[in-house]
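So the structure is just underneath, and the comments pick up after that.
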Amino acid sequence: METRIRPVKTLHGEVRVPGDKSISHRAVMLGALAHGETEIENFLFGEDCLSTVRLARALGVKVILEEGRVVVQSEGMDALREPEDVLDAGNSGTTMRLMAGILAGCPFFSVITGDASLRRRPMGRVIKPLAAMGARITGRCGNSCAPLAIRGGGLRAIEYASPVASAQVKSAVLLAGLFCEGRTVVIEPTRSRDHTERLLRHLGARVETEGERVAVWGRPNLRGAKIAVPGDISSAMFFLVAGLIVPEAEVILPGVGVNPTRTGALDILKQMGADIVLTNEREISGEPVADIRARSSRLAGTEIGGDIIPYLIDEIPVLAVAAALAEGETVVRDAGELRHKETDRIAAVVDVLGKMGVNIEERADGFVIRGGRKLRGGVCDSRGDHRMAMAAAVAGLVAEGETVIQGAECVNISYPAFFDTLSYISVK
Ligand code: S3P
C-alpha cells in the first residue's frame with residue numbers, strides 16, 4: 001500500500017496514542033503465567049501484540065479480545081501445554097525473545113519462527129543465556145537465527161552479565177528465571193527498559209534492582225490483576241516531533257507512559273530547544289504517566305550518544321527528522337543496535353532522509369546530520385518497518401511537494417490508526 005503525505009499549514013489537536021507495545025506484550029505473557037484473571041485495559045491491538053496473543057493461545061491460555069480490553073485467564077505457569085504446531089511470532093522481536101524465555105522454562109518441545117525480517121535478526125543473544133540455564137535450544141545459522149527449536153524445563157538459576165543493553169535479552173532470562181529455584185540475576189552494560197520488572201512486581205513476584213543489576217526470585221505465586229497500559233511514548237513521539245517542526249502547531253497527548261527508561265528522546269528534544277511540557281504526572285499499574293504538550297519550536301542540533309541510547313533507541317528515526325529541521329549539526333553515535341531492528345535503521349534513515357534532500361552522512365554506529373535545509377517530497381521505501389514509515393510521514397508534513405510512502409501498511413505493527421490520526425489533526 002502507498003500513502004501520500006502533503007505538506008500541512010499547521011497541526012492542532014489532542015491525540016490519545018494507543019497502548020504501549022512493550023507493556024501490552026508483557027501484560028499478556030505475565031497474565032499467561034499468573035493464576036486467575038488478568039484484565040488489560042488500553043491494550044495495543046497492533047500486529048506485534050496480536051502475535052503474542054496467538055502464541056499464548058497456542059500454549060493453552062484463554063485470551064479474550066474485546067473492544068479496548070483483553071482478558072487473560074490462566075491456571076498459572078505450570079499449566080502451559082506443548083503447542084501442536086510451529087509458533088509464528090510474525091515481525092515481533094519482543095514476542096520471539098521473551099517467549100523463548102518462557103518456552104525454555106516449560107518441560108516440552110516447541111519451535112518458534114517469524115517473518116523474513118525477524119528470521120534475520122540476532123537470536124544468539126537469547127540462545128546463549130537460556131542454554132546456560134539448561135534449556136536445549138538451537139537455531140539456524142549456527143545457533144544465531146530463528147526458527148528456534150526449544151526443549152525446555154529443568155532450568156537452574158544463573159547470574160548473567162549481558163554484553164548488550166537489551167530489555168528483550170534481560171526479560172528472556174528473567175522470565176526463564178521464574179521457572180527456577182532461587183535467584184536469577186542479569187547485569188547489563190547500561191540499564192534497559194524495566195517494564196518486565198515493574199509488571200512482575202505488580203503481579204506479586206519478588207524483583208530487586210540495583211543499578212544495572214536485576215534479580216528475580218523463582219517459583220513466585222503470580223496472581224492475575226488489572227493492568228492499565230499507558231499510551232506508548234514511542235508512538236507519541238511522532239506527533240511530538242510533528243508538533244515541533246510544523247509552524248504554529250500545538251499537539252496535546254494525554255496519558256503517555258513516561259517511564260525514565262523510555263524518555264531519552266524527550267530529554268534530547270528539550271536539549272534541542274523544544275517547547276515540550278509534561279503535566280498531571282501520575283502512576284498507573286506501576287508505570288509513570290503524564291499528559292504531554294508540544295508546540296512549534298526553533299530547534300538546534302545536538303549530540304546523541306553514550307548511556308542515553310537504550311532510552312531512545314526506537315525514537316532515533318523520528319529524532320533524525322527533528323535534527324534535519326534543526327539548525328546546525330546533530331551527531332548520533334553508539335547506536336549500532338539500530339542495524340538489528342526491524343530493518344537496518346541506520347541505512348534506512350540515511351536513505352529516506354537523503355532522498356528528501358537532507359545532508360546526512362552514514363557512520364558505522366549512527367549518522368551525522370547537518371540540518372536546516374528545506375526538505376523535498378519523494379518516494380520513500382518504508383522497508384516494511386513501521387517506525388520508518390511514520391518518521392517519513394512526519395518529514396513529509398514539512399517537505400515541498402508530495403511524499404509517497406511505500407509499504408505504509410506496516411504501521412499496523414504498532415499504530416494501526418496512525419495515518420487517520422495524523423490527517424485528523426492536520427490543518428491543510
Ligand atoms: C523492546 C526492547 C527494545 C526495543 C524494542 C522493544 C522490548 O529492543 O527496541 O522495540 O519490548 O523489550 P532490545 O531489547 O533489542 O533493545
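Between residue 190 and residue 347, the contour length at 0.36 nm per residue exceeds the alpha carbon distance by 54.1 nm. Residue order by solvent-accessible surface for 109, 419 is 109, 419, largest first, with ligands and nucleic acids left out and a 1.4 Å probe.
Straightening the chain between residue 359 and residue 12 buys 122.0 nm, computed as 0.36 nm per residue apart minus the Cα-Cα spacing.
So if R0 is 35 Å, what FRET efficiency would residue 420 and residue 75 give, r being the distance between their Cβ atoms, rounded to the nearest 0.05?
For residue 420 and residue 75, the calculated efficiency is 0.30.
How do 387, 136, 219 stack up against each other in accessible area, from largest to smallest, with a 1.4 angstrom probe?
136, 219, 387
Averaged over residues, the count of other Cβ atoms within 10 Å places the peptides 283-291, 420-428 in the sequence 283-291, 420-428, highest first.
Positive contributions from Lys and Arg (+1) and negative ones from Asp and Glu (-1), summed over other residues with Cβ under 11 Å from the Cβ of residue 69, come out at -3. Rg ratio for segment 21-228: its Cα radius of gyration over 2.2 N^0.38 Å, N being its residue count, equals 0.91. Report note on the peptides 315-323, 265-273, 46-54: ranked by the mean count of other C-beta atoms within 10 Å, highest first, their order is 315-323, 46-54, 265-273. For residue 195, the solvent-accessible surface with a 1.4 Å probe is about 10 Å², rounded to the nearest 10.
Applying a 4.7 Å Cβ-Cβ cutoff to the chain leaves 49, 106, 180, 380, 410 as cysteine residues with no disulfide-compatible partner. With the Kirkwood sum run over all distinct C-alpha pairs, segment 1-102 has a hydrodynamic radius of 14.9 Å.
Expressed as a fraction of 2.2 N^0.38 Å, the value expected for a compact globular protein of N residues, the C-alpha radius of gyration of the chain is 0.95. Can you bin segment 279-428 into rounded, prolate or oblate? Criterion: square roots of the alpha carbon gyration tensor eigenvalues sorted a ≥ b ≥ c, rounded for a/c under 1.5, prolate for a/b above b/c, oblate for the rest. In terms of gyration-tensor shape, rounded. Take segment 21-228 with all the other protein chains still there, run a 1.4 Å probe, and you get 37 Å² of accessible area per residue.
Under 1.5 on a/c is rounded, so check that first for segment 112-177, then, if it is not, pick prolate when a/b is larger than b/c and oblate when it is not; a ≥ b ≥ c are the square roots of the alpha carbon gyration tensor eigenvalues. Here segment 112-177 falls in the oblate category.
Within the accessible area of segment 21-228, the carbon and sulfur atoms contribute 46%, probe 1.4 Å, all protein chains present.
Length gained on full extension, residue 275 to residue 151, computed as 0.36 nm times the residue gap minus the Cα-Cα distance: 39.4 nm. In this simple spin-label model, placing a label point 7 Å from the Cα along the Cα-to-Cβ direction at both residue 226 and residue 136 gives a separation of 4.6 nm.
Pairs over the 22 Å Cα-Cα cut-off, from the set 341/428; 374/428; 62/341: 341/428; 62/341. Dipole orientation for the chain: of the candidates 271, 288, 63, 63 has the Cα lying most toward the positive pole (charges on Cβ; Lys, Arg +1; Asp, Glu -1). With the whole protein complex present, residue 238 retains an accessible surface near 0 Å², based on a 1.4 Å probe. In a simple Cβ point-charge model (Lys, Arg +1; Asp, Glu -1; nothing else charged), the chain has a dipole of about 600 debye relative to its Cα centre.
The values are calculated or read from the model by the stated rules, or taken from the named source; none is laboratory data. Given the structure is predicted, the values throughout are model-derived calculations rather than measurements. Glycine gets a Cβ as well: all are built from the backbone with ideal geometry, and neighbour counts include every protein chain shown. Just so you know, the surface numbers come from the protein's heavy atoms only, side chains and all, with ligands and any DNA or RNA stripped out. Shrake-Rupley method; radii C 1.70, N 1.55, O 1.52, S 1.80 Å.
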